[in-house]
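Written below as structure tokens is the structure these notes are about.
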Amino acid sequence: MRKSNKELKFNDTQKKKLTKFNYIVIIVPICLVLLLAAGIAFYVFVYNNDINKMKRYLEKDGYICNESTCTKDFGSNIYTIDYVDNIFIVDNSNIQIRVGEEAPVVDVKNKEMICTYVKDEYNWNFVDESFRYDKQCESYISEINSYLSYYMDLRQDALGD
């Protein structure tokens, strides 16, 4: 067996030029991949985030929305949902109930009294004996819990929480 010293050599001095078709074959798939990535990013980060899902659900449910809140008139009560800051407000001629991330607050308009229901580690809990509040504010607990139940059901339907 003898070793061969032959090597393959490429001595083509002519440069190959790309045609328009070759450019199209290269550019079109790149553009399609970028377009698909942009579409997926838009869906995940914009269309399908909690704020936009909540706003779409509330508009479908008959609320009138602006940039951060949605409002609906229920006879004597006006419900306002701040879907950006996650705050629910019920307002009528006698009281205003505000339930947010920190604690439920009731503003009794005819008595000029504000009731705050405080609890350590509050996490949208229903108001019960574990909260700190004045004795005269006890009569509003069932009303707060009914509105809180409505809001939690609404969030469950909108976001699936």
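The values are calculated or read from the model by the stated rules, or taken from the named source; none is laboratory data. Everything quoted here is computed from the prediction, not taken from an experiment. Virtual Cβ from ideal backbone geometry, glycine too; neighbours counted across all protein chains shown. Note: accessible area is taken over every heavy atom of the protein model, side chains too, but ligands, DNA and RNA are not part of it. Shrake-Rupley method; radii C 1.70, N 1.55, O 1.52, S 1.80 Å.
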**Complete:** Within the chain, cysteines having no neighbouring cysteine beta carbon under 4.7 Å are 31
**Complete:** The size of the Cβ-based charge dipole (Lys, Arg +1; Asp, Glu -1) of the chain about the Cα centre, to the nearest 20 debye, is 2480 debye
**Item:** Whole-number accessible area per residue in Å² for the chain, which is evaluated in the context of all protein chains at 1.4 Å
**Value:** 75 Å²
**Packing rank of 41-48, 64-71, where each peptide gets the mean count of other beta carbons within 10 Å, highest leading** = 64-71, 41-48
**Asked** Given the Cα-Cα distance of residue 68 and residue 159 and 0.36 nm per residue of separation, how much length would full extension add, in nm?
**Response** 31.1 nm
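Roughly how many percent of the accessible protein surface of the chain is carbon and sulfur, given a 1.4 Å probe and a whole-percent answer? If you can, show how the numbers build up before the last one.
Values: 6580 of 12040 Å².
Whole-percent figure for carbon plus sulfur exposure: 55.
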**Gain upon complete extension [residue 113, residue 47; 0.36 nm per residue less C-alpha separation]** = 19.6 nm
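At 222 nm, what helix-only mean residue ellipticity would the chain give, in deg cm²/dmol to the nearest 500, using -39500 (n - 2.57) for each DSSP H run of four or more? Don't skip to the answer; put the middle values down first.
Working: 3 runs with 53 residues, N = 161.
For the chain, the value works out to -11000 deg cm²/dmol.
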**Selection from 35, 89, 152, by position along the positive dipole direction of the chain (Cβ)** = 35
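Provide the FRET efficiency to the nearest 0.05 for the residue 34-residue 149 pair, computing r from the beta carbons and using R0 = 30 Å. Please list the in-between numbers first.
Numbers: r = 47 Å, r/R0 = 1.56.
The computed FRET efficiency comes out at 0.05.
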